[in-house]
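Quick note: the coordinates plus some simple rules give every number you see, no bench work behind them. Predicted, not measured: the structure shown is a model, and the values here were computed from it. Counting neighbours? That spans all protein chains shown, and the Cβs are built from the backbone with ideal geometry, glycine included.
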Amino acid sequence: MSKSVYVISSDLCDYELRRSLLLNSIRGASNQGINNLNNLDDLIDFLPLTKSVTQEAAQLWAISRFQGMPTANPKNIDVDVIIAAQCQLMQAENPGRNLVVATTNVKHLSRFINAQKWFEIRY
């Protein structure tokens, strides 16, 4: 952020992390992780799950499955294609901007959008 980088996440990422932190909290762990996650709202924006996102994600899911390159079990919700759809739509709304997905799952996401491991991103 100190280098004028606009950091955005997905509501789905919040969901995946939050559910793990809440389970740990129920098991007796500290609530500090939840507090830290709640404080992220002051630092970054979160992309919502919208109808246009789900429609784009369904398209990506179907194409990747047809090409024999699925990103998840067919019974899973496949968060990767949903995040990819959010990013593709954002890229379309901001042509010429350098959008990079910071992820540990470069293999799946890089098929749809520019994705790199967070520590390898250069700006």
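Computed across segment 49-123, the Kirkwood radius stands at 12.8 Å (inverse of mean 1/r, all Cα pairs).
All alpha carbon pair distances within segment 1-46 were sorted into 5 Å bins beginning at 0; the resulting P(r) in whole percents reads 5, 20, 26, 21, 14, 8, 4, 1.
Ranking T50, T71, T104 by Cβ neighbours within 10 Å, fewest first, what do you get?
On the way: T50 13, T71 20, T104 9.
Ranked by crowding around the Cβ, least crowded first: T104, T50, T71.
The string of couplings for segment 17-31 from the Karplus curve (6.51, -1.76, 1.60, θ = phi - 60°) is 6, 4, 5, 5, 5, 5, 4, 4, 5, 4, 7, x, 6, 5, 8 Hz, one whole number per residue in order, with x for Gly and Pro.
If you place +1 on the Cβ of every Lys and Arg and -1 on the Cβ of every Asp and Glu, how big does the dipole about the Cα centre of the chain come out, in debye to the nearest 20?
Values: 12 positive and 11 negative charges, 79 e Å.
Value, rounded to 20: 380 debye.
When only alpha carbons are used to place a centre, segment 54-76 and segment 102-122 end up 18 Å from one another.
So how much slack lies between V5 and N36, counting 0.36 nm per residue of separation and subtracting their Cα-Cα distance, in nm?
Working: separation 31, 0.36 × 31 = 11.16 nm, distance 2.04 nm.
Using 0.36 nm per residue and subtracting the Cα-Cα distance, I get 9.1 nm.
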